[in-house]
Amino acid sequence: MVTFALFEDEAAVARVDEAQVAALTRAATDATFYREGMNAEQIAANRHVVAISGPTAMAAAASDRQRLVAALVERDLAGFVIATRHAADNLELDWLMVDPAHHGSGLAARLTEAALHWLGAGEPIWLTVIQHNERAIRFYRRFGFEIEGETDPKRPVPTWIMRRAAGTLG
């Protein structure tokens, strides 16, 4: 069994940097964001996620409206999550990235639990997920999220909005 430690905000930034976040995001997106037949615009959109991941994580750690939680196995970044409080009634599980080597280890669940706890476990919370990422959709359903509908249909990579109702604790 792999042992990992969770670090939040400043403690996370003290242990990881933008390059590590980007490398992990590349590994995670390579494993889950791509499928056969994607066009150049969709591939570019996925690469953009990698490009903004490092600065986004560092900015989240410094924001009072966001929480960055990083999971480390020994000294290596194994995953991270960003939770965002856009407003009191607009809470988002914003980013969840896990190194594919740690899929199925429980690490994603621990990161998700930390984010939900910070957002307010019983509060209504939403997220977006790539439509073809069935593994992620199944994972989020374990936490009470259900597909509500499609996000902006003009997005290059089709995504679902998933929501969990107030009072959901699972």
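Since every read-out is calculated from the coordinates, none of them should be taken as a lab result. Remember, predicted model here, so these are calculated numbers, not experimental data. Glycine also receives a Cβ, built like all others from the backbone with ideal geometry; neighbour counts cover every protein chain displayed.
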**OP:** Any chance you could check the Cα centroid distance between the stretch 144-168 and the stretch 68-93 for me, in angstrom?
**Re:** 18
Original post:
Sorted by packing (mean other beta-carbon atoms within 10 Å per residue), highest first, where do 136-145, 110-119, 36-45 land?
Top reply: 110-119, 136-145, 36-45
**OP:** State, in angstrom, two size descriptors of the chain derived from its alpha carbons: Rg to one decimal place and Dmax to the nearest whole number.
**Re:** 15.2, 43
Subject >> Local net charge near T84, Cβ-Cβ under 10 Å (Lys/Arg +1, Asp/Glu -1) >> reply: +1
Original post:
Which of rounded, prolate, oblate describes the stretch 8-105, given a ≥ b ≥ c as roots of the alpha-carbon gyration tensor eigenvalues and a/c under 1.5 marking rounded, otherwise prolate only if a/b is larger than b/c?
Top reply: oblate
